Amino acid sequence: MLVEGVMLLWFIQVVIGVLFVAIDIHTTPEATVMKWGFVIITAFSGLFGALLYVLSCREPLPGTHEQYVSAKWRQVVGSTMHCVAGDGIGILAAKVLTSGAGLPMWADVLCEYGLGFLFGWTVFQALFMKGMFGSYRTSLSKTFIAELLSMNAVMGGMTAVMVPWLTHDMAATHPTGPRFWFVMSIALCTGFLVALPMNWWLVDHGLKHGMMTVRSDTGPVPQVAALALAGAALCGNQQHPPAPARRTPKPGRGANGPAERAPYDAATAPPTGRAHHMEPRVGRGRLAVMTVVSFAIFGAGFVIAGLFGDLTMQ
């Protein structure tokens, strides 16, 4: 009875969080894929995801988004959120598809890993970032290693929570029941937390991007925003200059005379600014070490799952 009460409160706060983010994020000058990412992550985590959105992405004053999201920790939150949102969809889809296949738990986890990685890599990473690299093929090759390292951390955290819980609560193994979605939500939240340090390293070494700023107008920066940016500069917060906003010309105000407004597609148009481009700053040796570390995290999740759960359970 206690568990049912906790689940009811959980789903209530998830609905509240999703409604807030889905409505409010329309006014945030963020890329479309990142907006969807925040809605998805809030559907997994509820008010925790809504709080992440407010603290890391929501524009505090008109015209200040570029400077606001330039902080490294906000870039890391955006990077992790982007990864978990894409991977989470694939993981949940695999879990639903294999729920009646009679696979042992270890094989079930590997299926979730495979589909989660493929969806996160080919869609949320490569597809939505192909404009940054010029082609989808190039985007696939450039985003593979970053997605692999991040996915290993996400799945390591998830496995350590998901397998023991499902082992001791058979009712949670059926995707038609609320227990299943509650367990998977908690597991995905754990995966998010475990993946944060790895994504910090990836962002810090130019292998992943975080938040972006996308604007569709060329209006002047509001005076209050200009004052806020000036104050930040005086306080020494401009070590990493904010990325310039991406703007599309207004009708009749093209660079070479009259022009029509060009449609903007966040999935294909290359974002501009330092914070938007991935410039790898790591040698092959260190990258190899971090790859081993990421697989060690995934392996540690399996060890914990085997100690506190049953990986052979069907």
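Things to note:
- A residue that is out of contact with any Ser or Thr (no Cβ under 6 Å at 6 or more places or on another chain) and surrounded by fewer than 22 Cβ atoms within 10 Å (Cβ to Cβ) occurs nowhere in the stretch 152-161.
- Residue in the stretch 12-28 that is touching a Gly at 6+ places or on another chain (Cβ under 8 Å) and not in a helix (DSSP H, G or I) present: no
- Where helices (runs of 4 or more DSSP H) sit wholly within the stretch 65-156, none has at least 1 residues that are charged (D, E, K, R), touching a strand residue (DSSP E or B) at 6+ places or on another chain (Cβ under 6 Å) and touching a residue at least 12 places away in the same chain (Cβ under 8 Å).
- Filtering 187, 146 for residues that are under 19 Å from residue 48 (Cα atoms), among the hydrophobic types (A, V, I, L, M, F, W, C) and crowded, with 24+ Cβ neighbours inside 10 Å leaves a single hit, 187.
- Looking only at the stretch 44-64, residues that are crowded, with 19+ Cβ neighbours inside 10 Å, under 16 Å from residue 214 (Cα atoms) and in contact (Cβ under 8 Å) with a residue 40 or more places away in the chain come to 4 in all.
- Hits in the stretch 8-43 - residues which are over 12 Å from the mean Cα position of the chain (by Cα), closer than 20 Å to residue 193 by Cα and in contact (Cβ under 8 Å) with a residue 40 or more places away in the chain: 10, 14
- When the stretch 190-220 is limited to residues that are more than 16 Å from the chain's Cα centre (by Cα) and surrounded by 16 or more Cβ atoms within 10 Å (Cβ to Cβ), the one that is modelled with the lowest pLDDT turns out to be 215.
- So residue 183, is it within 15 Å of the chain's Cα centre (by Cα) and in a helix (DSSP H, G or I): no
The values are calculated or read from the model by the stated rules, or taken from the named source; none is laboratory data. Computed from a prediction, not measured in an experiment: that's the story for all the values here. Reconstructed Cβ throughout: ideal geometry from the backbone, glycine too, with neighbour counts over all protein chains shown.
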